[in-house]
Amino acid sequence: MRNWVLKFYHLLYLFTTGMIVVGPAWYNRYPLMYFDSGAYMEMAVNLEPSYHRALGYPLLIKFTGLHISNWPLILIQGLLISYLIYRYVDVFAPRATRYVWHFTSVVLLSFFSSVSWYAAQLMPDVWTLISVLSLGLIVLDRAANWKRLSAYSIISYFGLLTHLSHIPMLLLLLITLLGARTVTRYQQVIQKKALLIWSVLLLASFLTISSFNAVHGFGFRISLASNAFITANLGEMGVLKMYLDEQCGQQTLILCPWKDKLPRETYGYLWDPNGPVNQHPEGWAGANDAMAPIVHDFLTQPRYLKWFLFAAVKSTLQQMAQIELGSGLQYAYGEGSPPYWPMKEHFKQELNEYLTSVQNKGDALPLPFFRWMNYISLMLSILVLGRAVLYRHLSAELALLLLLFLAAYFFNASITGVLANVYERLQCRLLPLIQFLAILVFLIGRKDQEHATEED
């Protein structure tokens, strides 16, 4: 009986700290919204393939809120963040002080990083962070039993389905892990079991999304509009215009009539009602097929491949520097906005709550203050991690975690910066990895060393 009581209190504690994580939603009096939130709510109703959305997040909206409320998914996001932080603390901190360091970690990350502003938002971006954290635990929690490994795997699987960038990121992380295992220091840390689980998750998520698209007649593939997105980003990179100037006299391309009036940003290509994609007679499908020759040339012809590689390196570095918290949250999404229509049609019970939220009063969220807190904590985190690396204060496990977190941050930048566009929302979502690792190194790592010294 006492064991069940302890488990209940433990779950109650995790739930309470999870509610701290989603504090901005409580302050806002409704889950935070972004321009794209409406599209995810709409897709949750019909569950049909989208040319620019992944399957996973609409599934989560549908089966947690049942077209009644958006709150359950927000609460789950906060709970999962709290749970995963707890599991990391359990791996690295002395058992007697794990609740102290867990609570400290939750509070620090909630108030001094971007994690709460993503967890409290009805968008899949927080699941990029959740996926990386759960994948890391599969490797580092070597004491985990099959139940805990199953929990990590289920969380990772659903996380991988929520954004099209997650599957290629996992592939690159798996290659990184295989490479790290060749280093003697990591051979005992990286077990074959973890590599196998990662491989199964990669295959399962790829098959799920591709099969979903195939069943609906769109072909066995992950992305339905990769050519359109890459072409739009080539335009934003500035190399598309030079390509069209050279090629439009030699071949007929969809963008030749546009070459002297190309949009400067990806929005003009993909979302503008008067842009190339929306003006195509066959919509996204036709535009994507028509842009395939452009992408093919940039990937196969040495002259254009050179342009693309240079632009890709610049975009990756630029994306890594996109650290502004609260992207898109400074706007009100009231009547007539994209999130308003699915709220009105499918979440009527919460429509008034949504319309009277702090966010929809316009520029009322305290974003400037928390941006400064994020900048300050990031600089301190870099100093902590830099000192730990220079003085070799990292254990093999923490060193591996540093490698995985930095690799995830870099791969996210390279995938989104090259295949989508340079945008702070897509990069700041993984920034808390750096601050969380600094907490592990400075607080928990130091306490662990003190504990070891006392035992000696």
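Quick note: the coordinates plus some simple rules give every number you see, no bench work behind them. Keep in mind that what you see is a predicted model, and the values were worked out from it rather than measured. Heads up, the Cβs are rebuilt from the backbone with ideal geometry, glycines too, and the neighbour counts pull from every protein chain shown.
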**Prompt:** Which pairs break 24 Å Cα to Cα here: 147/193; 241/306; 192/314; 7/192; 259/306?
**Reply:** 192/314; 7/192
**Request:** Provide the gained length on full extension for the span residue 35 to residue 274, in nm with one decimal, where the gain is 0.36 nm per separating residue minus the Cα-Cα distance.
**Result:** 84.2 nm
**Virtual spin-label span in nm between residue 111 and residue 8, 7 Å along Cα→Cβ** = 3.1 nm
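Tally Lys/Arg at +1 and Asp/Glu at -1 over every other residue whose Cβ is under 15 Å from the Cβ of residue 266; what's the total?
-2
What number in nm² do you get for segment 154-204 if you take the convex hull of its Cα atoms and divide its surface by four?
3.5 nm²
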**Prompt:** Expressed in nm², what is the orientationally averaged projection area of the convex hull enclosing the Cα positions of segment 94-231?
**Reply:** 11.3 nm²
**Asked** Which cysteines does the chain leave without a neighbouring Cys Cβ under 4.7 Å?
**Response** 428
**segment 306-456, Rg to Rh (Cα coordinates; Rh as Kirkwood inverse mean 1/r)** = 1.12
**Asked** Say a paramagnetic label sat at a point 7 Å from the Cα of residue 26, along Cα to Cβ; which residues of segment 65-81 have their backbone N under 14 Å from it?
**Response** 75-76, 78-79
**Asked** How many nm separate the modelled label positions at residue 317 and residue 211, each set 7 Å beyond the Cα in the direction of the Cβ?
**Response** 4.4 nm
**Compactness of segment 267-359, expressed as Rg and Dmax over alpha-carbon positions, Å** = 19.7, 57
**Asked** When the chain is fully extended, how far beyond the present Cα-Cα distance does residue 345 get from residue 376, taking 0.36 nm per residue of separation?
**Response** 6.9 nm
**Request:** Two decimals is fine: what's Rg over Rh for segment 1-40, C-alpha atoms, Kirkwood radius as Rh?
**Result:** 1.27
**Prompt:** Expressed as a whole percent, how much of the Cα-Cα distance distribution for the chain exceeds 41 Å?
**Reply:** 19 percent
**Fill in**
Along principal axes, largest first, the alpha-carbon spread of segment 123-172 in whole Å comes out as 31, 21, 12
**Item:** Spin-label proximity, residue 363 to segment 325-339 - amide N less than 15 Å from point 7 Å beyond Cα toward beta carbon
**Value:** 328-333
**Item:** the chain: calculated mean residue ellipticity at 222 nm from DSSP helix runs of at least 4, using -39500 (n - 2.57)
**Value:** -21000 deg cm²/dmol
**Message:** Give me the three principal axis extents of segment 1-104 from the C-alpha atoms, as integers in angstrom, largest value leading.
**Reply:** 49, 29, 27
